[in-house]
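Chemist: Just dropping this structure here.
The values are calculated or read from the model by the stated rules, or taken from the named source; none is laboratory data. Model, not experiment: these values are computed from the prediction. What goes into the accessible areas is simple: the full protein's heavy atoms, side chains included, and nothing from ligands, DNA or RNA. Shrake-Rupley method; radii C 1.70, N 1.55, O 1.52, S 1.80 Å.
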Amino acid sequence: MSNEAHDLGERYIAVQESKEFADLRRSFRGFVFPVTAFFITWYFAYVLLSIFAPGFMGTKVAGNVTIGLIFGLLQFVTTFAITFAYARWANRTFDPKADAVGAMMEQGASRDFESSGDWAPGDVERALEAERLDDKDRR
């Protein structure tokens, strides 16, 4: 393995073992797992009600509009609401953390991970500031 590939592998491992990356994973899982559990429960409730409670699902609410039709349309509404909520959450919470971890990865080329083993306090802020300055220079 080339020395450059070895250094890159060490950087990936160091970032993966960092507190910032663990926080990134925890943040992602903290949003995605509960929302996924909610939606799967809601979806299967709809399907199971359609199978085992056809009388309830066939109850007319107004004209030929039934509870089953309303629940079916609410599946689409829920999907769009979750997509909107995720995009908003990702833009506000997740993406800045992911950018910081990415900046740490890029900045890490000059660090000696074998001796340090992890990022020091303040590295994320310095990496984000360096990325902001780099973005300004590109404009």
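Chemist: Taking a cut-off of 17 Å, what percent of all Cα-Cα pairs in the range 19-105 are separated by more than that?
Modeler: 60
Chemist: Roughly speaking, what is the centre-to-centre gap between the range 62-107 and the range 31-59 when only Cα atoms are used, to the nearest Å?
Modeler: About 18 Å separates the Cα centre of the range 62-107 from the one of the range 31-59.
Chemist: Just how much of ILE13 is accessible, in Å², when a 1.4 Å probe is used and the result is rounded to the nearest 10?
Modeler: Estimated to the nearest 10 Å², ILE13 gives 90 Å².
Chemist: Further question: How large is ³J(HN,Hα) for each residue in the range 36-44, as worked out from phi by the Karplus curve 6.51 cos²θ - 1.76 cosθ + 1.60 (θ = phi - 60°), to whole Hz, x for Gly and Pro?
Modeler: 5, 4, 4, 5, 4, 4, 4, 5, 5
Chemist: Roughly how many percent of the accessible protein surface of the range 1-87 is carbon and sulfur, given a 1.4 Å probe and a whole-percent answer?
Modeler: It is 72 percent, rounded to a whole number.
Chemist: Hey, how much of the P(r) for the range 1-64 falls beyond 19 Å, as a percent of Cα pairs?
Modeler: The calculated P(r) of the range 1-64 puts 64 percent of pairs beyond 19 Å.
Chemist: If you don't mind, another one. Whose amide H sits under 5 Å from the amide H of THR66, counting only residues 5 or more places off or on another chain, with H placed in the peptide plane?
Modeler: Close amide H contacts, sequence-distant or interchain: VAL61.
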